[in-house]
Each structure stands twice: as structure tokens, then as C-alpha cells.
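The values are calculated or read from the model by the stated rules, or taken from the named source; none is laboratory data. Bear in mind that the values here come from a model prediction, so they are computed numbers and not experimental data. Every residue, glycine as well, gets a Cβ built from its backbone with ideal geometry; the counts of neighbours run over all protein chains shown. Protein only, heavy atoms only, side chains kept; ligands, DNA and RNA dropped before computing areas. Shrake-Rupley method; radii C 1.70, N 1.55, O 1.52, S 1.80 Å.
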Amino acid sequence: MVKNKNNKTIWGTRIKKNTSNLFQKIGGSINFDKRLYKEDITGSIAHVEMLFKQKIISFKIKNKIIYGLNKIKNEISKNKFEFNTKYEDIHMNIEKRLSQIIGTEAGFIHTARSRNDQVITDFKIWIKSSTLEIDNYLNKIIKSTLKIAEKNIETIMPGFTHLKNAQALSFGHYLMAYIEMFNRDKRRFLNNLESLNENPLGVSALTGTSFNIDRYFTTKKLGFKNPTNNSIDTVSDRDFVLDYLYSCSVCSMHISRIAEELIIWNSDGFGLIKLSDKIVTGSSIMPQKKNPDLLEYLRGKTGSIYGNLFSMLTILKGLPLSYFKDLQDDKEIVFKSNDLLVNCLKILDEILNNISPNKKKMLELASSGYLTATDLADYLVKNFSLSFREAYEKTASIVNFAEKNKKKLEELTIVELRKIEPKLTDDVLKVFDLKNSVNSKKSYGGTSFENIKKMIVKYKKQI
Ligand code: ARG
């Protein structure tokens, strides 16, 4: 461990007493913002390169500082760095260590810079890479979903509204509804890049700086697109944090909906899917149990992810401009959401690779509950020039008759059907065939096999 020998704080000349132990313990952020060390060092290197280019510091000092910063990066990555709560955060811990390594010239690093712009710079870079990491995980999930969908184009199951059997559809089509959700998540996260690409560095504490700095230089060096426009807004703004937390929340909400659906389908009442032993756990008392704990984990974690969004919204509510200590909590909140979401995405991918449909049960369930009633109504409209409402009435009477006689629609004879609609012929019987029903939904976005195949090709091109 490298010990910090000179243990005076940066403000030690002005503030005569040591910060109270309690405040040192709770007021610092080093325990979580040390995660920003790489971004902080990258930002500082770009900053001193700019200071040198603008002739604000000398070549020698610039090189010394960069040498020191790289050494620190190495120490931290090898766990050889002693973080000290006395220096509050990652920025001061690094600056302090830099002065131990290169001496007083380390002091030039903070010319034309404040921790206020420094921290947002680090944070934006970090959130940007987290965004791209999440995008990657989403791609993986889309691929896994597509793999199951492709194998189940003709697997017929009931679709539900109000959790009551509604119309027959393809299991593949159902799964691809999730792909749409994840594609929207991808778009939502990637849309955030626009504000993440605005470079805060150089706005200093809140008003800008009198030094002749070049914000376009650091913008380019750090991979941003433009410098931010207003120094006060820049140090106060955490909208990009909210955008990220909101994107995490929506994505996690999607995961929870899928998880819940899989829990229902796996329940003994439904039995539509089987979970492999890899993704279930047992009971301590009931030897027969195989519980979908992992799916419940996914459903539950959404609560914490929402909580993080609401914490940040609440911190920002009514906060005057510009910087306040309140804002320091943003990082812990974001890290928590990131870690939870990444875990959930990994788990969901594993789950998707460990489920199998019970095709027989799916078909059985689709055969109960008069799922082809709408098909019959459509048939009456198309063949007997009835309005849809007239056809609906007649079909309802046929369903009532079937229910009363404890028959499925396909079990009714043509004689029975004709009692309600005399114009019917044997031709009508084809509408009761589930496969026919699914395949007839050829409107764009519908569940016909043809549509599904086309969509699979489209999704494959996207990833
Ligand atoms: N650790 C601080 C934070 O994350 C850095 C900014 C400190 N600025 C200040 N004026 N105290 O918010």
C-alpha cells in the first residue's frame, strides 16, 4: 500500500480544524466514486494536454503530471492505492497522490478546472460506456429470443387479454413482442447519447474561467461531440442521470413483465413452459418443489431500480443552481441501477436459454375458451355481407349454444350451426382450425407464419 504521507487536506490552510470524524466518514464519496478512477485520469490527461497546447502550463509540467497520473492508474488497477476518506472523493485522492509522486507541480493540474466540472465529465464518460454495455447485453437477449422464436413459428398457444383466453397465436410471435420491447430499450438508451456527448469540462466551478482554454480540444480528446453551452446549467444539470435511470427503469419494467409471464406459464395451473433445473430452486420442506426463484428475483429488482429513479428525481426537486453536496449521491444511485440492471440482463439471457415450451399443453389450452369465435364472426362478414356487429351477435349465440351443450366450436355439427345461421355450409368448419386461424392474421404485424418469418429476417439484419 502506498501511504499518503503528507496528510493535509487541500483546504487545510483556510479551514483550521480537521473535519469531524463523523462527517469524514459520511460526507465523502470515495467509497463509491473510486469506480470513476479511469475516467478521472483520462479527463485530467486531456485537461493538462489542453493547458499545455494553450501555453498555460509548460511541456515539462504537462509530462510530469501525465507520468504521475499513469502511475496512479497503475497503482489503483493493481489494488496498491490507499484511498483515504479524508480527501473526500476520487478527484482529491488522485490529486493528493499526484503531489506525493511529482511534488508541488501537481498543483498545476487544477488550473482552470473545478471538481464541479471534473466530476460530471468523469460521470458522463462512465454512463456512456455503461449505456453501450447495456446495449450489448440487450443485443444478446434479442439474439436468444430470436433463437427460440425461430424454432416456434408454428407452435400454437392461446393469446390472452385480461388473462382470459382470447385468440390463438404463434409462440414465436409472442416472443418477438419482447424483441420489440428490447429494441425500444436500446433506442431509449442510445437516445441519451446526445446529451452524454456534450462536454462539461472547462465550465469550472460555475462561471467558466478567465484562462484562455480550448474546450473544443478536450471535447475531441475525450470523445464528446460539443462543449456544453452554459456554465451554470452545466454544473447543476443531472438530466442525463435521470435519462439513464429512467431508461434502466423502463428496461427493468420490461424484464419484470416477461418474468411474470414466464412465472404464470410455468405455474402448475398453466404448465405452458418448462424451466430447466439450472434455473429453479427447491423448497426446504416440500420435496417436490421446483420454484422459479430467478424469475421472481427479476420481477423484484425492478422495485429497487424504480426507487433509484425516484431518489434522484427527489434530490433534484427544488434544488437551486448550481452545485450542492446533494448532487454527490447521483453516483451511488447510478452505480446501483447499473449493477442491478446488468445482473438482470445476464440472468434473463440465461433463463431464455433454459426454457422450453410444452407444445401439447399450449395447443390444449388454445383449444378451450372458444378462441376461434372472432374468426367465425369475420367469416360471416366476409361471406354473407353482414355488418361486423350482426356477425358478432350471431357468433355470440353460437358460442352460447356450444357452452350450453358443453361442446367446443369445432365439435358443433353443421345442422346445429344452421339453426342459428341457416346460410352456413360445411365450408365454415375450416375457421375452427387453430392453425388456420393463426395463419389468417396476415395484416402487417399480425401472427401469420409468413409475417413471422419476414420479421425474423428483419430482426436478424438489425443485429
Ligand atoms: N465528490 C463531489 C461530487 O461528487 C465532487 C464535486 C465537489 N464539489 C464541491 N463543490 N464540493 O459531487
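Brief remarks follow.
- Shown for segment 133-244: the carbon plus sulfur share of the solvent-accessible area, taken with all protein chains present and a 1.4 angstrom probe, equals 47%.
- Cubic angstrom per residue, convex hull over Cα atoms of segment 12-149: 153
- Plainly put, segment 281-434 has a radius of gyration that is 1.30 times its Kirkwood radius, both from alpha-carbon atoms, as the Rg/Rh ratio.
- Our note on the geometry: Cα centres of segment 441-463 and segment 55-107, 56 Å apart.
- Residues in the chain average 50 Å² of solvent-accessible surface per residue, probe 1.4 Å, ligands and nucleic acids excluded.
- Spread over its residues, the convex hull of the C-alpha atoms of segment 365-440 is 81 Å³ per residue.
- Rounded to the nearest 500, the 222 nm mean residue ellipticity of the chain from helices alone is -19500 deg cm²/dmol, with -39,500 (n - 2.57) taken per DSSP H run of at least 4 residues.
- Largest first and in whole Å, the equivalent-ellipsoid semi-axes of segment 77-227 read 50, 18, 13, each the square root of five times a Cα gyration tensor eigenvalue.
- Under 5 Å, built H, 5+ apart or other chain: amide partners of residue 159: 166, 167, 168, 169
- Of the peptides 245-256, 317-328, 16-27, 124-135, the order by per-residue mean of other Cβ atoms within 10 Å, starting with the highest, comes out as 245-256, 124-135, 317-328, 16-27.
- Surface/4 of the Cα convex hull for segment 255-301, nm²: 3.5
- In Å, descending, principal axis extents of the Cα set of segment 30-107: 36, 21, 21
- Taking θ as phi - 60° and the Karplus parameters 6.51, -1.76 and 1.60, the scalar couplings of segment 252-265 work out to 5, 4, 4, 4, 5, 5, 5, 4, 4, 5, 5, 5, 5, 5 Hz in sequence order, x denoting glycine and proline.
- Our coupling estimate for segment 79-89, obtained by passing each phi through the Karplus curve with A = 6.51, B = -1.76, C = 1.60 and θ = phi - 60°, is 6, 10, 10, 9, 7, 10, 5, 4, 9, 6, 9 Hz, Gly and Pro reported as x.
- Ranked by solvent-accessible area (1.4 Å probe, protein heavy atoms only, all chains present), the residues 437, 397 order from largest to smallest as 397, 437.
- Placed amide H near residue 199: partners under 5 Å, 5+ positions off or other chain: 225, 226, 228
- For the chain, radius of gyration divided by Kirkwood radius, i.e. Rg to Rh on alpha-carbons: 1.16
- Cross-link check: pairs 128/346; 147/301; 290/460 evaluated at a Cα-Cα cut-off of 29 Å; pairs beyond the cut-off: 290/460.
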